[in-house]
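The values are calculated or read from the model by the stated rules, or taken from the named source; none is laboratory data. Quick caveat: nothing in here was measured; it's all calculated off a predicted structure. As a convention, Cβ positions derive from the backbone with ideal geometry for all residues, glycine included, and neighbour counts pool all protein chains shown.
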Amino acid sequence: MSAKIIDGKALSQRILGEAKDDVAKIVAEGGRPPCLAVILVGGDPASRIYVDSKKAACVGAGIISVAHELPDDASEAELLRIIADLNADGSVDGILVQSPLPARMDEQKALLAIDPAKDVDGFHPMNAGLLAKGGQGLLPGTPAGIIELLKYAGVKIEGAEAVVVGRSNIVGKPAAMLLIKENATVTICHSRTQNLSEITKRADILVAALGKRNFITPNMIKEGAAVIDVGIHRTPGSRKITGDVDPACADVAGYITPVPGGVGPMTVAMLIKNCVKAYNQRTGNGR
């Protein structure tokens, strides 16, 4: 068999189109466009690419994008001052600090400084707590995108046995929480898990988010399973990008996300969706 490819590019364009329609309606009704502020410290080329892609997505959706670019030698105090100013600015709905920050800066301190109502990355402990309690906080983009991809493909989540390989606070844990919210039975695996392949082979839904190139192999997958590959690895000296899942798994899985073009585009799309949501929650717009 050959797996059905879950097209993250197509779904992300649909979500961005819906965000554009929402923004157009807000403006038509006399409101201002939502505003996203992005803070970039230093000149890391990969971070620059990510920031530029987020700016482009904002422009496409009609969202105002404000960039605060700090030099490599900027102080942590300066970063925190900018975050405080953006928290207090009523015209700013979302704040994003592009990671990684320089080693001398405390990323957790910067995260905690962001107003949870403007935390469009969904990483603040308050939003993480709301997710755990089933509240209405802002969801982290990649895990939320995973759920959207499964629904888009028509994969039945309720009652399914789901296995998440990886326990990071950014992807693994919140992905597991969202799958539970959708009534899946969830197992989280990690580097200390014993007999990993026996567990993954039970999964109707397998999320690979461990950060190891081609780690998930065909013998670890249940025939017909939905496989979501969160990994992204650039081959040194090449433009080739691969994921955590061996491409040969497409011969066993029922559904699979490609790398690139699967989860990646969804992360930016869900960020834009979060920005519109933050605007609506902050303004009481009710959408």
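A few comments on the model shown:
- Here residue 109 meets the list (1) part of a helix (DSSP H, G or I); (2) farther than 24 Å from residue 5 by Cβ; (3) not assigned by TED's automatic domain parsing to the domain that holds residue 70; (4) not acidic (Asp, Glu) almost entirely, failing just condition (3).
- Selection count, the range 215-239, where residues are in contact with a helix residue (DSSP H, G or I) (Cβ under 8 Å, 6 or more places away or on another chain) and under 15 Å from residue 257 (Cα atoms): 10
- For the range 179-203, taking the residues that are crowded, with 19+ Cβ neighbours inside 10 Å and assigned to a helix (DSSP H, G or I), the one that is farthest from the chain's Cα centre (by Cα) is identified as 200.
- Apart from one condition, residue 66 fits all of (1) touching a Cys at 6+ places or on another chain (Cβ under 6 Å); (2) part of a strand (DSSP E or B); (3) among the hydrophobic types (A, V, I, L, M, F, W, C); the exception is (1).
- Looking at 131, 79, just one residue is more than 16 Å from residue 278 (Cα to Cα) and part of a helix (DSSP H, G or I), and that residue is 79.
- Here 236, 247 are screened, and the one residue that is surrounded by fewer than 19 Cβ atoms within 10 Å (Cβ to Cβ) and either modelled with pLDDT of 95 or more or within 16 Å of residue 3 (Cα to Cα) (or both) is 247.
- Taking the criterion of being within 17 Å of residue 267 (Cβ to Cβ) and touching a residue at least 40 places away in the same chain (Cβ under 8 Å), the residues of the range 41-83 that qualify are 47, 50, 51, 53, 54, 57, 58, 60, 61, 63.
- Residue selected from the range 90-129 under the condition of a type in the set (Gly, Ala, Ser) and in contact with an Asp or Glu (Cβ under 9 Å, 6 or more places away or on another chain), by the criterion surrounded by the fewest Cβ atoms within 10 Å (Cβ to Cβ): 99
- Residue count for the range 264-287 under the criterion of being at pLDDT below 95 and among the charged types (D, E, K, R): the result is 2.
- So residue 149, is it in contact with a His (Cβ under 8 Å, 6 or more places away or on another chain), in a helix (DSSP H, G or I) and either over 11 Å from residue 174 (Cβ atoms) or among the hydroxyl-bearing types (Ser, Thr, Tyr) (or both): no
- Subset of the range 1-11 (residues that are small (Gly, Ala, Ser) and either in contact (Cβ under 8 Å) with a residue 12 or more places away in the chain or outside any helix (DSSP H, G or I) (or both)): 2, 3, 8
- Residue count for the range 204-223, restricted to those that are acidic (Asp, Glu) and surrounded by fewer than 19 Cβ atoms within 10 Å (Cβ to Cβ): 1
- None of 37, 61, 24, 56 is buried (at least 17 other Cβ atoms within 10 Å of the Cβ) and within 26 Å of residue 149 (Cα to Cα) except 61.
- Restricting the first member to the range 84-104 and to residues that are in contact (Cβ under 8 Å) with a residue 60 or more places away in the chain and hydrophobic (A, V, I, L, M, F, W, C), and the second to residues that are part of a loop (DSSP other than H, G, I, E, B) and surrounded by 12 or more Cβ atoms within 10 Å (Cβ to Cβ), the beta-carbon pairs closer than 6 Å and six or more apart or on different chains are 96/120; 96/121.
- All positions within the range 12-58 that are part of a helix (DSSP H, G or I), at pLDDT 95 or above and touching a Lys or Arg at 6+ places or on another chain (Cβ under 9 Å): 15, 16, 18, 19, 22, 25, 26
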